[in-house]
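Below is one structure, written out as structure tokens, with a few remarks after it.
Every read-out reported here was derived from the displayed coordinates using simple, explicitly stated rules and does not represent laboratory data. All of these numbers come straight from a predicted model, not from anything done at the bench. Don't worry about glycine lacking a Cβ; one is built from the backbone with ideal geometry, like all the others, and counts go over all protein chains shown.
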Amino acid sequence: MLKRIPFSVLVVLITLAVTLLFSNSVDAAPKPKAPKSKAPSGAINLGELTKAFAGHCPKKTAGDVITCKDALPYINAAIQKYKLKTRGQRAAYIANMAYEGGYLQYNHNLVNRSQGTRSIMPAVSLRTFVNANKSVQKFWPGFPKNVNDNTIVDILIKRRADFEPGAWWTVAGPGCAQVAARLSKSQTSFTAWEKTCINGGPETVAARAAIYKTVYAAIH
């Protein structure tokens with residue numbers, strides 16, 4: 001005849017079984033996934049930039065030349081830093097950079113080396129940019145005493161700030177704010193911005209506007 005199990009022992013066994021069952025169910029529960037980090041507001045992706053450049057993305061980074069993939073983080077950082085909030089502003093920045101810099105082929109004017117960065121800006125405009133932005137003034141210890149206008153471009157390139165002047169100028173250059181605020185799909189809005197803010201010459205407006213149209217259609 002089997003001996004009866006004492007009630008106290010039975011309680012202990014039942015408690016142990018329940019504990020093990022609960023423990024297994026907790027261990028088997030799926031762990032929550034970490035939230036995905038969102039891209040900064042206004043950031044464009046590589047597919048958009050590639051489409052915007054319409055087959056003109058450089059194939060290799062070397063010298064002044066930089067690929068779309070390698071340029072993208074700098075472009076997005078400049079868009080974020082200088083608050084290019086609208087699609088039109090981002091398109092104007094990228095289109096002007098594409099036109100002036102030969103789709104990321106150049107960082108200097110081929111004739112005048114004091115003119116450059118990715119938007120190929122003259123030395124006087126680069127000085128305006130530096131004077132207006134404390135974040136880059138640190139590149140010149142003792143600023144503004146030891147700034148040589150003829151070498152600003154080289155310092156900005158060396159410090160990997162060559163994508164910044166064009167982004168700042170798009171929305172904050174002299175006379176640019178109001179026309180930049182009106183940039184839209186309209187070619188008229190771009191022409192007004194180009195003539196007021198960039199003034200690259202009447203003979204270049206049509207070519208610039210065509211690039212802007214392509215870029216605007218490609219990005220968000």
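Listed values, structure above:
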| quantity | calculated |
| --- | --- |
| Backbone N under 19 Å from the Asn146 label point (7 Å along Cα→Cβ), restricted to segment 158-189 | 158-160 |
| Within segment 46-218: Cβ-based charge dipole about Cα centre, in debye rounded to nearest 20 (Lys, Arg +1; Asp, Glu -1) | 480 debye |
| Cα pair distances exceeding 24 angstrom across segment 46-218, given as percent | 30 percent |
| Net charge contributed by nearby residues that have their C-beta within less than 12 Å of Arg90 (K/R +1, D/E -1) | +2 |
| Amide H partners (placed H, <5 Å) of Gly116, local residues excluded | Asn109, Met121 |
| Whole-Hz couplings from phi, Karplus 6.51/-1.76/1.60, listed for segment 50-61; x for Gly and Pro | 4, 5, 4, 7, 6, x, 9, 5, x, 8, 8, 8 |
| Euclidean distance of C-alpha centroids, segment 41-109 and segment 145-187, integer Å | 14 Å |
| Total formal charge among the other residues, if their Cβ is under 10 angstrom from that of Thr204, Lys/Arg +1 and Asp/Glu -1 | -2 |
| Lys185-Lys81 FRET efficiency (beta carbon distance; Förster radius 25 Å; 0.05 resolution) | 0.50 |
